[in-house]
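The values are calculated or read from the model by the stated rules, or taken from the named source; none is laboratory data. Everything quoted here is computed from the prediction, not taken from an experiment. For neighbour counting, all protein chains shown are included, and Cβ atoms are generated from backbone atoms with ideal geometry for every residue, glycine included. SASA here: full protein model, heavy atoms, side chains in, ligands and nucleic acids out. Shrake-Rupley method; radii C 1.70, N 1.55, O 1.52, S 1.80 Å.
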Amino acid sequence: MDLLNSFLNLVVPPASLVMLAFAWPALCFVNGCEWLYNNFYSENMEDKVVIITGASSDIGEQIAYEYAKRKANLVLVARRENRLPGISQNARFMGAGHIITIAADVVKEEDCRRFVSETINVFGRVDHLVNTASLGHTFFFEEVTDTSIFPRLLDINFWGNVYPTFVALPYLHESNGRVVVNASVENWLPLPRMSLYASAKAALVTFYESLRFELNDEVGITIATHGWIGIEMTKGKFMLEDGAEMQWKEEREVHVAGGPVEDFARLIVSGACRGDTYVKFPSWYDVFLLYRVFAPHVLNWTFRLLISSEGARRTSLIGTGRPLLEGPPARPRLEGTSPRQVLSSPSSFFSQYSPSSSFSQYSP
C-alpha cells in the first residue's frame, strides 16, 4: 500500500494538471452558459424578505442597499442600533419595501430566535438570510497575554453565522430560500497576524460546504470570499464598548488601497440572486490555491519574502492583554474617549470591536 501511495503521489498531481489544462476551455464554456442562464432567470427579489446581520456598517450596510435596489423587504440586525435608522432611511429611498431594524447579538441563540421570530411575525416568511457579522485581529499570536479574547473571536466568526442559520432554516425550507455567507480568502490562504480569524473562517466555509450537501439544494448557500477591501478596520478605526470611535494616530491619515466594498456587495447580491454557490472578489486569488496544493513551498517562500521586505515587525497591541501606555513612538497610542476601557479590559474591547481585521466586520 505504501508503494502504491508513493507511485500515486508522483503520478496524480502532474496528470491532474494536464487534464485540467485540456479541460479548461470546456469548463469555461460550461460556466459561461450557466452564468448566462442564471442571469436570465435571476431571482426577482421584489417583496421578498431578506435578513441581514451586521447591517450597521460596511459590507452589511452596502448589501442592504443592493437588496433595496431590488425592492426587497429588509430586516436589518446589528448591535449598534443607533446606526440602523439612517441606513434604513437610505435603503427606503433606494426602493426597499418595508424595513424593520432589530438590535441583537448574533452569538446569542436567544437573540437569533428573537429576530427571526419577529421577522416571521411581521412578514410571515424569510427568503434570504445574509450573515455578514465577523471580527478579525491584527496581532501576532505569541504576543497575546489575555486569552479571553480567543473564544470571543471564534464565537463571532463561527457561531455568529451558525446560530442565525440554524434558527432560520425551517423558514428557508418553506420559501426555498438562500443563506449568504461573508467569508474571506484567509480561510485557505495563510497570512500573518490573522491566525485565529483565518481558522474560524476555514471552519465556517467547511461547515457551509458540508451543510450544502445535507440540504440537497432545498435551501441554497452562497459563500462569498474576498481579499483586501476598504472598510473601517483598514482605515485604522475601532469601537469601544460605549460606542466611541478611536483610531491609531499613526494610521488615521493613511488611505488604504482596498477594493471598494460597494463592488463586493454588488457581486454578493447578484450572485445570490443568480443562485451562485461561490462569489469571489477578486477571482484571480484562486491561482494561489493551485500553488498551495501543488507547490506549497513556493507560496511559503513568496509570503516570507513579502513579509521580510516590510522591515521591523509592527503590530497592533489591542486585544493582546498588553498595556497601551504612552511611550516611545514605536508603540502607537490611541486617542479618543474612555481609554481606561482599553487598559482595564482588553477582552471587553474586543467584544465590541465593530469592524474586523483588514477584511471584514463585526457590527455590534
**Request:** Check residue 125 against each of (1) of a type outside the set (A, V, I, L, M, F, W, C); (2) free of Cβ contacts under 8 Å to residues at least 12 places away in the same chain; (3) in contact with a strand residue (DSSP E or B) (Cβ under 9 Å, 6 or more places away or on another chain) and name the one condition it does not meet.
**Result:** (2)
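A quick yes/no check of all residues on (1) in contact with a strand residue (DSSP E or B) (Cβ under 8 Å, 6 or more places away or on another chain); (2) modelled with pLDDT under 85; (3) surrounded by 11 or more Cβ atoms within 10 Å (Cβ to Cβ):
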| residue | (1), (2), (3) |
| --- | --- |
| 16 | no, yes, yes |
| 21 | no, yes, no |
| 24 | no, yes, no |
| 28 | no, yes, no |
| 31 | no, yes, no |
| 34 | no, yes, yes |
| 38 | no, yes, yes |
| 48 | yes, no, yes |
| 53 | yes, no, yes |
**Prompt:** Just checking, how many residues over the range 264-287 are closer than 22 Å to residue 24 by Cα and open to solvent by 60 Å² or more (accessible area, probe 1.4 Å)?
**Reply:** 6
**Complete:** If we take the range 145-263, then strands (runs of 3 or more DSSP E) inside it with 1 or more residues that are modelled with pLDDT of 85 or more and either in contact with a Gly (Cβ under 7 Å, 6 or more places away or on another chain) or open to solvent by 20 Å² or more (accessible area, probe 1.4 Å) (or both) are 178-182, 220-226
**Message:** Suppose we filter 125, 114, 92 for residues that are closer than 24 Å to residue 151 by Cα and either open to solvent by 10 Å² or more (accessible area, probe 1.4 Å) or hydrophobic (A, V, I, L, M, F, W, C) (or both); which single one remains?
**Reply:** 114
**Asked** With (1) under 28 Å from residue 71 (Cβ atoms); (2) open to solvent by less than 10 Å² (accessible area, probe 1.4 Å); (3) assigned to a helix (DSSP H, G or I) as the list, and residue 130 as the residue in question, which single condition is left unmet?
**Response** (3)
